[in-house]
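Notes follow the structure.
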Amino acid sequence: MKSHRLSPAAQLFAQPHVHGALTRRQFLQAGAALATLGAGTGLIAPQSALAAPALLPAAPRPIPYGTQFLYPDPTIFHVQAPGYPLPNPPFDTNPAINNPATITDFNGVVGLGYVGGQGTHIDLTTHQTSSVYWEVDMRFMIGDYIAVDGRQYHATFGFV
Amino acid sequence: MNPNHVIVNPATGRATYHAADLPMGDYGANAFTGGTPVPGIVSFVVDWSPSQNRHTYRYAPNRWEGTFLQTNVTCNWSGATATSAFTTNTNNPSIFAEVGYERSGVFFQ
């Protein structure tokens, strides 16, 4: 099998870095982009585990710090990468100082996992298949949080 | 998201996070620079294994603290747009994973 540069769709779905084509930093740029995307599609929009649909909770606040995924561009993206093997400097991914949650004023359970491997991309127009390397950054947060409206809620959040 | 999509036991590190046919737009290379997404769907199952590798963190400058189990994780993932599809192979290696409790911001003591 050999690796190919990914189509835009495969880049989205796998958040990949292809050996020799994308760096690990570029992979994390894609991961953060998907977090933003998730907010737009409702993926990480909060839903209450207890409240009736008419009482859906308000949005959480993002962590007030983050990572310069476009370094040296000074833009801060409100997500950190604890434990991910990145060059230090400019990135310090020590789990002891990097928060796996992407929201603040939060009290609850967090899960984070980075996985990588081989996958199969299919061009549905030409029916050509190719083997590609992919990585994902998957997270969840379940618990109480103080929302942008200043009130406390309980919800489950996903990060893709 | 639907709370039924996550099952977790933070005392052991065991967890599952899944979704099926979740609508998600395709921004191409990435969404940082904007653009118009192509409609798509994704499905995934992420499994964290039990662990006893416990770590307690407290980082006052950013006002968060927690206790986490560093563990291993697997992920099966697929997705498609109208013109493209992707599926992960099995037995993909874990790079880093952790599951635990944390408090931040106003809950930080």
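Just wondering, is there one or more residues in region B:15-28 that are free of Cβ contacts under 8 Å to residues at least 12 places away in the same chain and facing chain A (nearest Cβ under 9 Å)? Checked against the condition, which is being free of Cβ contacts under 8 Å to residues at least 12 places away in the same chain and facing chain A (nearest Cβ under 9 Å), region B:15-28 yields at least one hit.
Take B:Gly13 and tell me if it is touching a strand residue (DSSP E or B) at 6+ places or on another chain (Cβ under 7 Å), under 24 Å from A:Thr93 (Cα atoms) and not hydrophobic (A, V, I, L, M, F, W, C). So B:Gly13 fits the description; yes. The residues of region A:118-160 that are at the interface with chain B (Cβ under 7 Å from one of its Cβ atoms) and closer than 14 Å to A:Ala101 by Cβ, listed by number, are A:Met138, A:Phe140, A:Ile142, A:Ile146, A:Thr156, A:Phe157, A:Gly158. If only residues of region B:55-71 that are of a type in the set (D, E, K, R) and touching a residue at least 24 places away in the same chain (Cβ under 8 Å) are counted, the one that is farthest from the other protein chains (Cβ to nearest Cβ) is B:Glu65.
Any residue in region B:39-47 that is closer than 20 Å to A:Ile103 by Cβ and either at pLDDT 95 or above or in a strand (DSSP E or B) (or both)? Let's see the steps before the verdict.
The initial filter retains those residues of region B:39-47 that are closer than 20 Å to A:Ile103 by Cβ, namely B:46.
From the residues that got through so far, the ones that are either at pLDDT 95 or above or in a strand (DSSP E or B) (or both) too are B:46.
So far as region B:39-47 goes, yes, one or more of its residues are closer than 20 Å to A:Ile103 by Cβ and either at pLDDT 95 or above or in a strand (DSSP E or B) (or both).
Within region A:98-121, being more than 13 Å from B:Gly100 (Cα to Cα), within 18 Å of the chain's Cα centre (by Cα) and of a type in the set (Val, Ile, Thr) holds for A:Thr102, A:Ile103, A:Thr104, A:Val115.
With respect to being of a type outside the set (Val, Ile, Thr), surrounded by fewer than 19 Cβ atoms within 10 Å (Cβ to Cβ), over 20 Å from B:Trp77 (Cβ atoms) and without any contact (Cβ under 8 Å) to a residue 12 or more places away in the chain, A:Gln128 fits the description. Could you check region B:84-109 and list, in sequence order, the residues that are in a loop (DSSP other than H, G, I, E, B), at negative phi and either surrounded by 16 or more Cβ atoms within 10 Å (Cβ to Cβ) or more than 7 Å from chain A (Cβ to nearest Cβ) (or both)? Residues satisfying the conditions are B:Thr90, B:Asn92, B:Phe108, B:Gln109. Residues in region A:87-107 that are within 7 Å of chain B (Cβ to nearest Cβ) and crowded, with 24+ Cβ neighbours inside 10 Å: A:Asn99, A:Pro100, A:Ala101, A:Phe106.
Taking every residue in region B:72-83 that is more than 7 Å from chain A (Cβ to nearest Cβ) and more than 13 Å from B:Ile41 (Cβ to Cβ) and pairing it with any residue that is small (Gly, Ala, Ser) and surrounded by fewer than 19 Cβ atoms within 10 Å (Cβ to Cβ), at least 6 positions away or on another chain, the pairs with Cβ-Cβ distances below 9 Å are B:Asn72/B:Ser49; B:Asn72/B:Ser51; B:Asn72/B:Ser94; B:Asn76/B:Ser43. Selection of first residues in region A:131-155 that are free of Cβ contacts under 8 Å to residues at least 12 places away in the same chain and of second residues that are surrounded by 20 or more Cβ atoms within 10 Å (Cβ to Cβ) and among the aliphatic types (A, V, I, L, M), restricted to Cβ pairs under 9 Å at least 6 apart or on distinct chains, gives the following pairs, ordered by first then second residue: A:Gln152/A:Ile146. Considering only residues that are within 15 Å of A:Val160 (Cβ to Cβ) and part of a loop (DSSP other than H, G, I, E, B), look in region B:1-14 and name the one that is farthest from the other protein chains (Cβ to nearest Cβ). Taking the candidates together, the pick is B:Asn2.
For the subset of region A:53-86 comprising residues that are under 18 Å from the mean Cα position of the chain (by Cα) and outside any loop (DSSP other than H, G, I, E, B), which member is nearest to the other protein chains (Cβ to nearest Cβ)?
Applying the first criterion (under 18 Å from the mean Cα position of the chain (by Cα)) to region A:53-86 yields A:59-71, A:75-86.
Among the residues that remain, those that are also outside any loop (DSSP other than H, G, I, E, B) are: A:60, A:62, A:67, A:77.
Values: A:Pro60: 10, A:Pro62: 11, A:Thr67: 12, A:Phe77: 8 Å.
Filtering region A:53-86 for residues that are under 18 Å from the mean Cα position of the chain (by Cα) and outside any loop (DSSP other than H, G, I, E, B), the one nearest to the other protein chains (Cβ to nearest Cβ) comes out as A:Phe77.
The values are calculated or read from the model by the stated rules, or taken from the named source; none is laboratory data. Treat the numbers as computed from the prediction; the structure is a model and nothing was measured. Quick reminder, even Gly has a Cβ in these numbers, built from the backbone with ideal geometry, and neighbours come from all protein chains shown.
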